[in-house]
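Peer 1: After the structure tokens below, expect a handful of questions from me.
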């Protein structure tokens, strides 16, 4: 039976480093205040002339090199993002042009911070159908472009970046083993950009009210995340017929170290099994899981044959996870 194997990964962040003290205008001793609440020390912001497609392109090229593939060998490109270059056309089409993947069809998908995990589900099913052999998935976001920099509850949390993975058809037993995807539309108001589409088009009035920027009910989202993450772990281990302690590494959405601390205590899974980079990059939204996967494959932390559980959660509300063998 066909299944999806990892052929290559890539990750890219902008050059501009934004340390916590950048936010001293919002709160006294911003470094201590932010780090104690989130675990974040710094993040990267895209340059003024740098867009989501630019970060996605860089990550895609690294993944192609890692997989030793020609762009013409890619059948499909998915860009998972909630900060596309523009409402239309799809950012994925821009990436397709940039990397020269002329044989691929390309489209975007948006499940906010769950987008990369949802994208893996879509890519896996495309491959399992037997119609497509190689799918390039890129989680990329530039939240610095949509933040309200007067909101100390959200502005210091986010950074920009892109994480890419190329999945290919295989029969070796490695790769994606099981997935879980969930949504709860009742919670959609908790994470939103109110004035950004057809419901409430951007206007001078909405800009004045900062309704064209990111908004999040932080405490409610924390409660949501700490509820669904243990369920993701439980469902995936049950489907895989394994115990939680048999998982070698967990790559969570990089949102807040307090969430990870809570989950570690609640599940009994040692914190060292959670692979984190949010201290350096902050919450990179759809990019976070892909960035951490690439980083830990390249530095040798994730070794061939190990079991890795990846998970995402975010607006929608949406959440999901993937169990794979490296």
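No value in this document is a laboratory result; all are computed from the given coordinates. Quantities reported herein were computed from a predicted structural model and do not represent experimental measurements. Positions of Cβ are backbone-derived with ideal geometry, glycine not excepted, and every protein chain shown enters the neighbour counts.
Peer 1: Relative contact order, percent, of region 124-195 when contacts are C-alpha pairs under 8 Å separated by at least 6 residues?
Peer 2: Taking the mean separation of contacting Cα pairs over the length of region 124-195, I get 33 percent.
Peer 1: Here's something else I'd like to know. When a/c reaches 1.5 or more, the comparison of a/b and b/c decides; with that in mind, is region 3-172 rounded, prolate or oblate per its Cα gyration tensor?
Peer 2: The shape class here is prolate.
Peer 1: Please report the antiparallel percentage of DSSP beta bridges with both residues in the chain, rounded to the nearest 5.
Peer 2: 75
Peer 1: Could I ask something else about it? How many nm separate the modelled label positions at residue 258 and residue 149, each set 7 Å beyond the Cα in the direction of the Cβ?
Peer 2: 2.5
Peer 1: Still on this structure, I have one more. Quick one: grab the alpha carbon gyration tensor of the chain, order the square roots of its eigenvalues as a ≥ b ≥ c, and give me rounded if a/c is under 1.5, else prolate or oblate depending on whether a/b is larger than b/c.
Peer 2: Oblate is the answer for the chain, as a/c is 1.5 or above yet b/c matches or exceeds a/b.
Peer 1: So, in nm, how far is label residue 279 from label residue 203 when the simple model puts each one 7 Å beyond its Cα toward the Cβ?
Peer 2: In this crude label model, residue 279 to residue 203 measures out at 4.8 nm.
Peer 1: State, as an integer percentage, the relative contact order of region 3-172 based on alpha-carbon contacts under 8 Å between residues 6 or more apart.
Peer 2: 34
Peer 1: Which length gain, in nm to one decimal place, applies between residue 27 and residue 265 when the Cα-Cα distance is subtracted from 0.36 nm times their residue separation?
Peer 2: 82.7 nm
Peer 1: As a footprinting exposure proxy, order 118, 23 by other Cβ within 10 Å, with the fewest listed first.
Peer 2: The most exposed by this proxy come first: 23, 118.
Peer 1: Arranged by the count of other C-beta atoms within 10 angstrom, fewest first, what order do 275, 26, 72 take?
Peer 2: Listed from fewest to most nearby Cβ atoms, that is 72, 26, 275.
Peer 1: For the residue pair residue 219 and residue 97, what label-to-label distance in nm results when each label sits 7 Å from Cα along the Cα-to-beta-carbon direction?
Peer 2: 4.7
Peer 1: If you count the DSSP beta bridges with both ends in region 3-172, what percent of them are antiparallel, to the nearest 5?
Peer 2: 70
Peer 1: Just to check, using Stokes-Einstein with a Kirkwood Rh over alpha carbon pairs, what's the diffusion coefficient of region 177-325 at 4 °C and 1.567 mPa s in µm²/s?
Peer 2: It diffuses with D of about 78 µm²/s by this estimate.
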